[in-house]
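Contents: one structure, followed by commentary.
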Amino acid sequence: MSWKLSCTVLKTNGVGDNLVEFNDFDFEDEDFLKIKPISQMSEGEKLQRFKRFFDSSSRAMLQDCLFRIVDYEDGTGTLEILCPNEVVRQRLSKKKRKITNNINTCWSHIRWFSLCVQQDSELHCQKFTRNGDLVTS
């Protein structure tokens, strides 16, 4: 079964808003049903999936962050989130449960995550378990 959509501007309201009719976009049913298994996703695709599960304000904060996965010899790993400043790190630390839930949907080997910020040329990180508990050294 095929779906057909298209887009034609019918009229404008004089304020720049257009009323639109859809036509001329062909979609096959399979296009809507294709969900790539996590096992076939690249790390970049997993990261995009991770970010998608957040609300728009959290996604905006995450957009300014850098990410890396530190893999250990035992097969586990830590997702490190480098925040642009302390304010972002503090706001994200209030979303620990959401972060761990999203990690669990994207990576099975990630056991910890760190919220980091660079201060005075040094990296300062807070490391958390999958339960959101702070890991003390």
Inter-residue pairs, beta-carbon under 7 Å, first under 13 Å from Asn101 (Cβ atoms) and in the range 45-58, second among the basic types (Lys, Arg) and outside any helix (DSSP H, G or I), 6+ apart: Ser58/Lys95
Filter the range 22-46 down to residues that are surrounded by fewer than 11 Cβ atoms within 10 Å (Cβ to Cβ) and assigned to a strand (DSSP E or B) and give me whichever is modelled with the highest pLDDT. Asp26
Could you check, for the range 94-102, whether at least one of its residues is without any contact (Cβ under 8 Å) to a residue 60 or more places away in the chain and at positive phi? no
Going through the range 120-137 in order, the residues found to be open to solvent by 70 Å² or more (accessible area, probe 1.4 Å) and either closer than 18 Å to Gly44 by Cα or not β-branched (Val, Ile, Thr) (or both) are Asp120, Ser121, Glu122, Leu123, Arg130, Asn131, Asp133, Leu134, Ser137
Mind listing just one residue for me: the one in the range 72-105 that is part of a strand (DSSP E or B) and not acidic (Asp, Glu) and, of those, nearest to Ala60 (Cα to Cα)? Cys83
Qualifying residues in the range 84-112 (those that are open to solvent by 70 Å² or more (accessible area, probe 1.4 Å) and among the basic types (Lys, Arg)) - the one nearest to Ser42 (Cα to Cα): Arg111
Long-range neighbours under 6 Å by Cβ, at least six apart or interchain, first residue within 15 Å of His109 (Cβ to Cβ) within the range 62-75, second surrounded by fewer than 15 Cβ atoms within 10 Å (Cβ to Cβ): Gly75/His109
Filter the range 62-82 down to the residues that are of a type in the set (A, V, I, L, M) and loosely packed, with under 14 Cβ neighbours inside 10 Å, then identify the one that is nearest to Lys98 (Cα to Cα). Leu66
Pairs with Cβ under 9 Å, 6+ apart, first in the range 78-91 and farther than 19 Å from Arg68 by Cβ, second surrounded by 14 or more Cβ atoms within 10 Å (Cβ to Cβ) and of a type in the set (Gly, Ala, Ser): Arg91/Ser58
Select, from Arg59, Arg49, the only residue that is under 16 Å from the mean Cα position of the chain (by Cα), open to solvent by 90 Å² or more (accessible area, probe 1.4 Å) and not acidic (Asp, Glu). Arg59
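The values are calculated or read from the model by the stated rules, or taken from the named source; none is laboratory data. Small disclaimer: the values here were computed from a predicted structure and weren't measured. A quick note on method: Cβ atoms are made from the backbone with ideal geometry, for glycine too, and the neighbour counts reach across all protein chains shown. SASA here: full protein model, heavy atoms, side chains in, ligands and nucleic acids out. Shrake-Rupley method; radii C 1.70, N 1.55, O 1.52, S 1.80 Å.
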